[in-house]
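As structure tokens, the structure follows; a few thoughts come after it.
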Amino acid sequence: MELYQKTAHELQQLIAAKEVKAVEVAESVLERARQAEPKIHAFVTLAEEEAYQAARRVDEAVSKGVKLPPLAGIPVAIKDNISTAGLRTTCASKILENYIPPYDATVIAEIRNQMMVLVGKTNMDEFAMGSSTENSGLFTTRNPWDIEAVPGGSSGGSAAAVCADETILALGSDTGGSIRQPAGYCGIVGLKPTYGRVSRYGLVAYASSLDQIGPLTKDVTDCALLLQAIAKYDPKDSTSVNQPAPDYLQEMKKGAKGLRIGLAKEYLGEGISLPVKDAVQNGVKVFKDLGAEIVEVSLPHTEYALAAYYIIAPAEASSNLARYDGVRYGHRTSQKVSDAVELFMKTRQEGFGAEVKRRIMTGTYVLSSGYYDAYYLKAQKVRTLIRNDFDNAFKSCDLILTPTTPSVAFKIGSKTKDPLEMYLEDIFTVTCNLAGLPGISISGGFDNGMPIGLQMLGPLFKEEILLRAAYGFEQATDFHKKRPEI
Ligand code: GLN
């Protein structure tokens, strides 16, 4: 077995025992990335020099007998909407194609302090708007299980890189499913933490009341380790919550026994492919065998979630993206302009892709006077109802099991004609963001060689419950061990 095929918790032991050098791990992973990239296209930027430097620092510390942080020397890839000082951060947009942030996001500062090895920045849908990476302004990433299929999105580059062993760990961001959906499509683990659990400082804002950074990993243990590393209160993010994180690894090992797992009919109805339904049924059986209890719950307002999401997210985006005006950040038009307004218009026309423009226009429309009450205000009310649904459901269960998506990864180009079809991809993932809850996707089976994601949603700040259930499931199955041939 090559080093790049190992998990973080396996490599951690080898590095600490001095059996393997961090530089050897970096070399193995970067060499693998170089081989796989012409097919997969997961990375916008590979940071080889920087990675070797970080790895050498780890090896020096090991040789001096310094006690290392748990993930020291482990390669990690970062979605390209998380600011990295001195390293290009494009959001996969032409408007930020050459933007180099002057500061680190809080999660990046943590990664550097904890001596992880940042290997590069990964592709995504432009400004995280999309479900396939086809909205990237740079290029489309491929699904390592089938390079004709999408890897999911918007954190598709991070998911594909983990899946293809081009990194050991990755970070993504999730506004309406962008960690869980690509994790599901690539057969890996992806966790969206509770809103406020992980600092958003330095995450380029898409929809600020929904965005959250989280891990994409090869297994649940790695997910617990990476979450532990980033789940910290940050005074620089006014929505960060000051509530100490538990020991996730220790909690995780309690497993699924005794947990009450909710099944909601609203998540198991029409439109779900048969193999996905079967995977959920199999999941139920696995959990019963593990000593979990299955209970029925109802989330009656689910059918309005997608509409509410596609009002609230664009509304916030239209405001957040107003800052890209050719004056303060990134691209500026080189066309002749006669005044400032024309400068803004030409710059934005050239810099933003079609989907981003669509969201800005939708968002501006739903916020405009005359339509505000009919759309934005109503969507906010629906949001409250959805949150209440979950509060009620969690009175009788500890977590809720659903599919991550209605079917497996679709072919590139098959849903780009109709934006609505793409939006429907997010039907099971957006509720979690609207309610602020934590959610995880794990590999729960295969349909014709393509991975099926199982999603679990938990109460606020109860990531450990999701990790317990996911770990129990993983111990009892071997879906997570399967890797595609590249
Ligand atoms: N697909 C959803 C959207 O386009 C979710 C994206 C995300 O979570 N960043 O908005």
- Message: So, for the chain, what is the accessible surface per residue at a probe of 1.4 Å, expressed in square angstrom?
- Response: 38 Å²
- Of all GluC sites (Glu not before Pro) in region 1-37, the ones in DSSP coil with at most 14 other Cβ atoms within 10 Å are Glu2, Glu19
- Item | Global form of region 321-474, assessed from the alpha-carbon gyration tensor, a/c cut-off 1.5 | prolate
- Query: In whole angstrom, how long is each semi-axis of the equivalent ellipsoid of the chain, when you take the square root of 5 times every eigenvalue of its Cα gyration tensor and sort them from largest down?
  - Reply: 31, 30, 20
- Which percent of the accessible heavy-atom area of region 1-114 goes to carbon and sulfur, probe 1.4 angstrom? 50 percent
- Applying the gyration tensor rule to the Cα atoms of region 1-83 (axes a ≥ b ≥ c; rounded if a/c under 1.5, else prolate if a/b exceeds b/c, else oblate), the class is prolate
- Task: Calculate for the chain the 222 nm mean residue ellipticity that helices alone would give, adding -39,500 (n - 2.57) per DSSP H run of length 4 or more and normalising by residue count, nearest 500 deg cm²/dmol.
- Result: -11500 deg cm²/dmol
- Unmatched cysteines, the chain - criterion: no other Cβ of a Cys under 4.7 angstrom: Cys91, Cys223, Cys397, Cys432
- Say the dipole of region 106-250 comes from +1 at the beta carbon of Lys and Arg and -1 at that of Asp and Glu; which of Thr217, Ala160, Asn143 then lies farthest toward its positive end? Thr217
- Item | Ratio Rg/Rh, restricted to region 299-405 and using Cα atoms, in which Rh is the Kirkwood radius | 1.16
- Note on region 124-176: alpha-carbon gyration tensor, axes a ≥ b ≥ c; rule is a/c under 1.5 for rounded, else prolate if a/b larger than b/c, else oblate; result oblate
- Task: Taking a cut-off of 20 Å between Cα atoms, list the lysines near Lys79, but don't count ones fewer than 8 places away on the same chain.
- Result: Lys39, Lys94, Lys121, Lys192, Lys218, Lys232
- Query: Just for the chain, what percent of DSSP beta bridges are antiparallel, to the closest 5?
  - Reply: 65 percent
- Message: To make sure I understand the rule: partners must be lysines, Cα under 17 Å from the Cα of Lys18, and not fewer than 8 residues away in the same chain. Which ones qualify?
- Response: Lys6, Lys64, Lys67
- Query: Under a straight-distance cross-link criterion of Cα-Cα below 25 Å, which lysines are reachable from Lys378, leaving out those fewer than 8 residues away in the same chain?
  - Reply: Lys265, Lys357
- Query: Number of Lys-Lys pairs in region 402-486 under 29 Å by Cα, sequence gap 8 or more or different chains?
  - Reply: 5
- Note on the structure: Length-normalised contact order of the chain, Cα under 8 Å, at least 6 apart, in percent, tallies to 18 percent
- Quick calc, the chain, dipole around Cα centre from Cβ unit charges on Lys, Arg (+) and Asp, Glu (-), nearest 20 debye, gives 600 debye
- Exposed-site-free run, longest, the chain (rule: trypsin sites (Lys or Arg not before Pro); DSSP loop; at most 14 other C-beta within 10 Å): 68-235
- Whole-percent carbon and sulfur contribution to the accessible surface of region 255-410 (1.4 Å, no ligands, DNA or RNA) stands at 54 percent
- Query: To the nearest 0.05, what FRET efficiency results for Gln13 and Asp339 with a Förster distance of 56 Å applied to their C-beta separation?
  - Reply: 0.35
- Message: Please report the spacing between the Cα centers of region 341-356 and region 422-466 in Å, no decimals.
- Response: 34 Å
- Query: On alpha-carbon atoms, Rg over Rh for region 100-188 using Kirkwood Rh?
  - Reply: 0.98
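The values are calculated or read from the model by the stated rules, or taken from the named source; none is laboratory data. Since we're looking at a predicted model, the values are computed, not measured. Neighbour counts are summed over all protein chains in view; Cβ atoms, including those assigned to glycine, are modelled from backbone coordinates with ideal geometry. The area values use the complete protein model at the heavy-atom level, side chains included, leaving out ligands, DNA and RNA. Shrake-Rupley method; radii C 1.70, N 1.55, O 1.52, S 1.80 Å.
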